[in-house]
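Worksheet for the structure shown next.
Just so you know, all these numbers are worked out from the coordinates, no wet-lab data involved. Quick caveat, the model's predicted, so the values are computed rather than measured. Note that each Cβ is placed from the backbone with ideal geometry, even for glycine, and that neighbours are counted across all protein chains shown.
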Amino acid sequence: MSEALLTASAAARGTGRMADTVRSEWTKLRTLTSTWWLLIAIVVCTVGVGALTTGAVSVGDCLERRTCDEDTVKLSLTGVWVGQAAMAVFGVLVITAEYGTGTIRTALAAVPSRLRLLAAKAVVVAGLAALVGVVSVLGSLYAGRVLVQDAGFTSAAGYPPISLGDGPTLRAAVGAVLYFVLVALIGLGLGAALRDTAGTLTAVLFLLYGFPLVASLLADPDWVETAQRLSPTSAGLSVLATRNLEALPIGPWAGLGVAALWAAGVLGIGWGVLRGRDA
């Protein structure tokens, strides 16, 4: 890791261009074995939880309730709710690990511009998050397509096969990938602001899971709905829905926009804190 860091830092120092800074950040990240194990864990968690959830539902359950309006696409993508935790950890560790080892000093010496350094990290994190998100989402939808058919959710029952050729399904798939990217960037931004790994992980996991839980406990239904619209998780994951959109607290793309505002805001805070202090 140290040799890769020195080589990457020298490259970034040599030209000072954004492309070289991105390349140096990529070099540092790809040489860490833990990076790849964590990214594999995201795929396994997302596809595995989605498959387990989808496999536990059958059309017979709907008939017992005298209603059958399951959102099979959203069901197949249930694993995104779990996989986001590992994605957030990935974003956090990209920067807090350097603070923990002290190598952030070398990075800042090579790239004095805090904005360029954080932007380069964001580019690498977003690229890897998007790649892993695509694999996770496609795997989840493929598993869901097979499992829902076996569970009786067939065309005869009013459920055409899950396909990316269907507009709402494609929107949910693209939205899920973008949501993964935003979660990773939220983790990166919080890491830049807080520096400490344990503290940052606590903060990001509370934001993703604690905030929606607290919101659901509010007594006033109007406050509950408002909190859901403001939560990056409750709002952002609305993009996974393909049925009963009128029941959502916020529209799919608008909800993803809320998550994007969180990511932009947290990255802005991270940059401001990084710029205002020494490493």
- Message: At R0 = 30 Å, how high is the FRET efficiency between residue 206 and residue 245 if r is their beta carbon distance? Nearest 0.05 is fine.
- Response: 0.60
- Message: Sorting check: for 99-106, 133-140, which peptide has the highest mean count of neighbouring beta carbons within 10 Å, and how do the rest follow?
- Response: 133-140, 99-106
- Task: Grab the DSSP H runs of the chain that are 4 residues or longer, score each as -39,500 (n - 2.57), total them, divide by all residues and round the 222 nm result to the nearest 500 deg cm²/dmol.
- Result: -24500 deg cm²/dmol
- Item | Average Cα contact separation per residue, the chain, under 8 Å, 6 or more apart, as relative contact order % | 22 percent
- Among the helices of the chain (complete DSSP H runs), which have Cα atoms covering no less than 24 Å along the helix axis and a Kyte-Doolittle mean of at least 1.0? 33-55, 79-101, 114-150, 167-194, 252-275
- Query: At a Förster distance of 45 Å, what's the computed FRET efficiency of residue 33 paired with residue 220, Cβ-Cβ distance as r, to 0.05?
  - Reply: 0.35
- Item | Given [x] 35; [y] 24; [z] 39, the label whose value is percent of Cα pairs over 30 Å apart derived from this model | [x]
- Item | Dipole of the stretch 194-279 [Lys/Arg +1, Asp/Glu -1 at C-beta], most positive-end residue of 221, 273, 261 | 273
- Message: Which order do the peptides 193-199, 236-242 come out in when sorted by mean C-beta neighbours inside 10 angstrom, highest first?
- Response: 236-242, 193-199
